[in-house]
Every structure is written in structure tokens, then in C-alpha cells.
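The values are calculated or read from the model by the stated rules, or taken from the named source; none is laboratory data. Please read all numbers here as calculations on a predicted model, not as lab measurements. Neighbour counts are summed over all protein chains in view; Cβ atoms, including those assigned to glycine, are modelled from backbone coordinates with ideal geometry. With ligands, DNA and RNA removed, areas are computed over all heavy atoms of the protein, side chains included. Shrake-Rupley method; radii C 1.70, N 1.55, O 1.52, S 1.80 Å.
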Amino acid sequence: MKTIELIVPCYNEEKCISKFYDRVREVFSDMPECTFIITFVDDGSNDNTMDEIKKVEKRADAGKIQYISLSRNFGKESAMYAGLEKSVGDYVAILDADLQHPPELIKDMLDAIENEGYDCASARRVSRKGEPLIKSTLSRAFYHVINHITVIDLVPGSTDYRLMKRKVVEAIVSMAERERFTKGIYAWVGFKNKWVEYTPSKRIAGNTKWSIRGLFRYAYSGFLAFATTPLRIVIYFGMFIVFVAIGYAIYTFLGALHSTGERTGYASIIIIMLFLGGVIITILGMIGEYMARIYMEVKNRPIYFERESNIPDKKE
């Protein structure tokens with residue numbers, strides 16, 4: 001019998017835990033050929049999420065509920081990595097606790113892997129109904145830009161929700177970078193993937209943790225994690241400024257030959273100094289961002305710390 005392990009990152013999801021477990025149990029009651037494990041990763045919640053997880057563990061069958069409680073809020077990317085690193089299932093899925101990722105999709109995903117020859121199956125949202133216009137517009141712009149300036153190809157509407165074979169999980173875990181962008185990692189490791197389309201459900205409880213500001217930071221992290229194009233643009237921009245400066249020098253020289261009036265050149269000098277100063281600061285800022293990423297990586301800090309867990313160490 002195949003074991004499907006569900007990795008569920010949680011941050012202040014106390015109202016969702018019990019409902020999530022009941023829904024998953026119902027789904028797997030129609031899948032007698034499989035058994036399931038739910039691994040909740042509490043990402044430093046400041047509500048009663050961890051207490052709710054322990055309550056569910058007590059009423060579930062032995063070994064069905066695992067948990068990892070992180071020492072603080074490391075972010076969803078780190079929480080997903082923690083769950084994947086600790087996972088032991090034959091197949092592993094990542095999905096949200098708020099049930100906007102329908103557990104029912106697992107049936108279609110499993111069919112794609114076992115009967116159609118895919119290594120993984122991923123959920124792709126095909127509707128943004130009910131989402132603010134600015135958020136959906138920015139999302140479309142993000143996919144358009146990142147696919148043009150990076151070496152990866154992200155499918156619009158792609159989510160973190162996917163079911164994977166063990167070899168895919170191991171490939172993802174082997175990429176132990178600190179500044180993580182999981183959607184990009186999914187695309188970069190490759191493997192044969194099938195997209196399963198779905199319409200997201202309404203949150204069963206609580207509020208979304210993704211603000212416009214948070215999405216901007218996430219997109220920015222993705223650009224820096226997989227794109228060297230901005231550095232090349234800086235080089236081209238520097239060359240463009242040199243040509244502009246040469247052209248302006250020729251223009252000034254020709255103007256001086258045909259004019260007998262006095263020219264101080266004060267305004268031109270100030271404009272050029274301000275322009276070049278802004279360009280230099282921008283270039284240094286761009287280089288500084290990449291150096292900061294290098295700095296964080298070479299320190300080789302752990303991606304997360306556990307506060308408590310009921311999962312046995314794999315080495316034991």
C-alpha cells in the first residue's frame with residue numbers, strides 16, 4: 001500500500017486544523033489503495049495552532065498526524081522545506097491548511113503519476129474570481145516578467161500545491177539555499193510534470209497571510225534567486241550612458257564652433273553630475289543586492305530550527 005504524506009505549512013491557522021484533517025480523512029476513505037500521513041509544520045504561530053494540531057493527533061490513528069514546530073516564524077518557504085526534509089512517504093504533497101487547495105485533487109494527481117507516467121502533478125488555478133483586480137494584474141505581470149528575465153519557465157496560475165515522487169522530493173531538498181523561491185525550484189529541477197487545473201475554494205476560516213507588500217517581496221526574491229539579467233542590464237545601461245556622453249560632447253563642441261556667445265556650462269554640468277550620480281547609486285544598489293544574497297548563503301546558517309516535533313530522526 002502506497003503512503004501519501006501531506007506537508008501542511010501553518011501560520012496562525014488554529015481554526016483550520018481540525019476541519020482540514022476531517023476533509024483529508026474523508027478524501028482518503030474513497031482511496032482504499034492508499035494510506036496517508038499529515039505533517040503539520042507550525043511556522044512560529046502566535047495563536048493556538050500547535051494546541052489544535054496536538055488535539056487532532058490524539059483523535060487520529062497512531063502515526064497519522066506528525067508535526068514540526070519551528071522556533072520562530074521563518075516563513076512559508078522554510079516551513080515547506082522543513083516538511084519535505086523530514087518526509088518519508090512514497091508520495092509527498094504540499095498544500096495549505098485553509099483548504100483553498102482542495103484535497104480532492106490528490107486523486108487526479110495520483111492517477112497522473114501512477115497511470116500516465118508523470119513524476120509529479122501540480123495544481124494550476126484557472127480563476128481569480130473574488131480576488132482584488134490589482135492583485136490579479138500584478139500576478140499576471142509577475143509571470144510575464146520573470147519568464148523573460150530568468151532561465152526558468154513559470155506557468156501562470158501555478159501554485160505550491162503538488163504531489164511528487166520520492167526522487168523529486170530528494171531533488172528539491174538537495175537545493176538547500178537559504179533565500180528560497182519554491183516555485184522557481186520546482187521549475188528548475190525539471191522532471192515530467194502534469195498540470196491539474198482547479199478553481200480555488202474560499203478560505204474555511206481565518207485571513208490570508210499574503211498582503212500586496214508580501215507578494216512584492218516574494219516576487220523580488222524570485223527575480224534575484226533565478227535572474228542574472230538585471231546585472232547584464234546594468235552593463236548595457238553603463239555603455240548607453242557612455243555613448244550619450246560622447247554624443248553630448250560632440251553636440252557641445254559643434255555648438256561652440258558656431259556660436260560667439262559666452263557659455264558657462266554650469267547647468268549642463270549639474271544635470272550630468274546628478275544623472276551620473278543617480279546611475280552609479282542604482283548600479284551599486286543592484287550589485288549590493290546580489291552581494292547580500294551571496295553573504296547570506298556563505299554564512300551557511302540553518303534554514304530553520306525546531307522547537308519540538310514528534311517525528312523520529314531518520315538517522316535513528
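For region 92-105, the count of residues that are over 16 Å from Asn12 (Cα atoms), without any contact (Cβ under 8 Å) to a residue 60 or more places away in the chain and not in a strand (DSSP E or B) is zero.
Yes or no, residue by residue, for (1) at pLDDT below 75; (2) touching a strand residue (DSSP E or B) at 6+ places or on another chain (Cβ under 8 Å); (3) open to solvent by 60 Å² or more (accessible area, probe 1.4 Å); (4) more than 22 Å from Asp43 (Cβ to Cβ):
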position: Leu163; (1), (2), (3), (4): no, yes, no, no
position: Phe191; (1), (2), (3), (4): no, yes, yes, yes
position: Tyr198; (1), (2), (3), (4): no, yes, no, yes
position: Ala205; (1), (2), (3), (4): yes, no, no, no
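Does Lys58 qualify as being modelled with pLDDT of 85 or more, open to solvent by 60 Å² or more (accessible area, probe 1.4 Å) and of a type outside the set (Phe, Trp, Tyr)?
Details: modelled with pLDDT of 85 or more: yes; open to solvent by 60 Å² or more (accessible area, probe 1.4 Å): yes; of a type outside the set (Phe, Trp, Tyr): yes.
Here the answer is yes, as Lys58 does meet what is asked.
Each row is one residue, and each column tells you yes or no for (1) more than 13 Å from Leu6 (Cα to Cα); (2) among the charged types (D, E, K, R); (3) not in a strand (DSSP E or B).
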{"residue": "Val41", "(1), (2), (3)": "no, no, no"}
{"residue": "Asn46", "(1), (2), (3)": "yes, no, yes"}
{"residue": "Ala62", "(1), (2), (3)": "yes, no, yes"}
{"residue": "Ser69", "(1), (2), (3)": "yes, no, no"}
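Tell me, yes or no, whether region 74-87 has at least one residue that is in contact (Cβ under 8 Å) with a residue 24 or more places away in the chain, over 26 Å from the mean Cα position of the chain (by Cα) and open to solvent by 10 Å² or more (accessible area, probe 1.4 Å). No, region 74-87 contains no residue that is in contact (Cβ under 8 Å) with a residue 24 or more places away in the chain, over 26 Å from the mean Cα position of the chain (by Cα) and open to solvent by 10 Å² or more (accessible area, probe 1.4 Å).
Look through Glu33, Glu5, Glu77, Glu85 and report the one residue that is at pLDDT 90 or above and within 23 Å of Arg166 (Cβ to Cβ). If you could, list the steps in order and put the result at the bottom.
Details: Glu33 fails: at pLDDT 90 or above; Glu77 fails: at pLDDT 90 or above; Glu85 fails: at pLDDT 90 or above.
Testing whether each residue is at pLDDT 90 or above and within 23 Å of Arg166 (Cβ to Cβ) leaves just Glu5.
Residues in region 13-32 that are open to solvent by 10 Å² or more (accessible area, probe 1.4 Å), outside any helix (DSSP H, G or I) and in contact with a helix residue (DSSP H, G or I) (Cβ under 9 Å, 6 or more places away or on another chain): Glu13, Glu14, Lys15, Asp30.
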